[in-house]
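Reviewing the structure listed below.
The values are calculated or read from the model by the stated rules, or taken from the named source; none is laboratory data. Nothing here was measured: the structure is a model prediction, and the numbers come from that model. Cβ placement follows ideal geometry from the backbone for every residue including glycine, while neighbour counts extend to all protein chains displayed.
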Amino acid sequence: MSKMPKPKVNHRNLGGKPLPDFACDPEQYIYQELDPFVQVSQRGLHNHPTILTRYIETTRDADNIIQWMNKCSLSGNYSTWRKIINHSFIAILEMNLDRQKELYQKYRESQQVELERAIRRLEKVKEVILKTITTIDENMVGCISGVYEDIKKNSKIYLDYIDGKLSEYQKMKNQIYSENSSKYAFVKPFIDNLKIALNDVGISKNATQINIVYELFKVFEFGDFDYKVGNPNFIIKQKGRIRTNFFKN
């Protein structure tokens with residue numbers, strides 16, 4: 001079976017304006033604004049989006065990660081944890097929560113529109129393929145019978161591929177319709193990756209992981225969490241919020 005062509009990246013103009021219709025591709029996404037600069041991109045329908053607010057790594061990033069590693073007594077070298085606390089993760093940790101929610105809504109609404117357009121287009125392509133087979137059936141000439149068998153065989157490959165994509169896109173569209181937007185929607189996938197990394201180095205207890213996430217949020221001053229020093233009641237409350245928002249199954 002020949003491989004289907006790789007999808008092209010659906011680049012978007014500044015300001016989030018879509019390119020012409022021929023560029024429809026819900027599996028690739030780029031949204032960009034200049035002032036202040038922010039870029040949200042996604043490669044693959046089920047991957048979480050990447051966010052950039054700047055293109056350079058600062059010494060403050062490194063200092064914060066090292067401080068967090070030392071505070072939590074994490075094993076492994078800096079580069080190992082830097083891959084987890086990457087550029088996108090830091091961009092989200094530094095971003096205002098209202099701004100995150102706004103960007104997430106734009107990202108999801110745009111993806112929903114692209115999915116609907118792609119579904120309509122795939123249905124048209126499927127219709128054309130089926131109509132082509134019917135037309136050949138109705139106008140069969142002996143000299144093309146061998147070629148026709150190849151056409152039918154290849155058409156089945158394409159139709160199966162299209163049906164698979166239609167099902168996948170419809171499920172994703174339904175998921176977007178039904179999900180409730182959260183102000184922590186962008187950061188959750190990164191916390192999930194961090195939890196996996198912690199499990200890999202033998203840190204599997206929820207209480208310990210929650211403490212590590214709290215220290216990460218604290219060093220980057222993330223979101224609307226309270227980091228008052230010396231007040232254990234505040235710390236307990238904030239760790240409880242982390243448990244509720246990031247550790248509920």
List pairs: first in the stretch 65-90 and farther than 21 Å from I210 by Cβ, second surrounded by fewer than 20 Cβ atoms within 10 Å (Cβ to Cβ), Cβ under 6 Å, 6+ apart or cross-chain?
S88/T50
Is it the case that F217 is of a type in the set (F, W, Y) and in a loop (DSSP other than H, G, I, E, B)?
no
What about T50, is it of a type in the set (V, I, T) and loosely packed, with under 14 Cβ neighbours inside 10 Å?
no
Scan the stretch 40-50 and tell me whether some residue there is within 30 Å of Y161 (Cβ to Cβ), of a type in the set (G, A, S), modelled with pLDDT of 80 or more and in a strand (DSSP E or B).
yes
Go through the residues of the stretch 133-155 one by one and say whether even a single one is part of a loop (DSSP other than H, G, I, E, B) and out of contact with any helix residue (DSSP H, G or I) (no Cβ under 8 Å at 6 or more places or on another chain).
yes
Options P20, P36; residue that is surrounded by fewer than 17 Cβ atoms within 10 Å (Cβ to Cβ), closer than 23 Å to K165 by Cβ and at pLDDT below 85
P20
Can you pull out every residue in the stretch 201-214 that is assigned to a loop (DSSP other than H, G, I, E, B) and of a type outside the set (G, A, S)?
V201, I203, K205
Just wondering, is there one or more residues in the stretch 143-157 that are without any contact (Cβ under 8 Å) to a residue 24 or more places away in the chain and within 18 Å of V38 (Cβ to Cβ)?
no
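Under the condition of being of a type in the set (G, A, S) and surrounded by 11 or more Cβ atoms within 10 Å (Cβ to Cβ), which residue from the stretch 197-249 is farthest from C72 (Cα to Cα)?
Ranking the candidates gives G223 first.
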Might you check whether a residue that is aromatic (F, W, Y), at negative phi and either part of a loop (DSSP other than H, G, I, E, B) or at pLDDT below 90 (or both) occurs anywhere in the stretch 51-68?
yes
Matching residues in the stretch 122-176 - criterion: being out of contact with any Leu (no Cβ under 7 Å at 6 or more places or on another chain), at pLDDT 90 or above, farther than 23 Å from S110 by Cα and among the hydrophobic types (A, V, I, L, M, F, W, C):
V128, L130, I157, L159
Condition (residue is loosely packed, with under 11 Cβ neighbours inside 10 Å and among the aromatic types (F, W, Y)) applied to the stretch 155-178: is it met by at least one residue?
yes
Residues in the stretch 96-117 that are crowded, with 19+ Cβ neighbours inside 10 Å and either touching a His at 6+ places or on another chain (Cβ under 6 Å) or within 12 Å of F186 (Cβ to Cβ) (or both) total 4
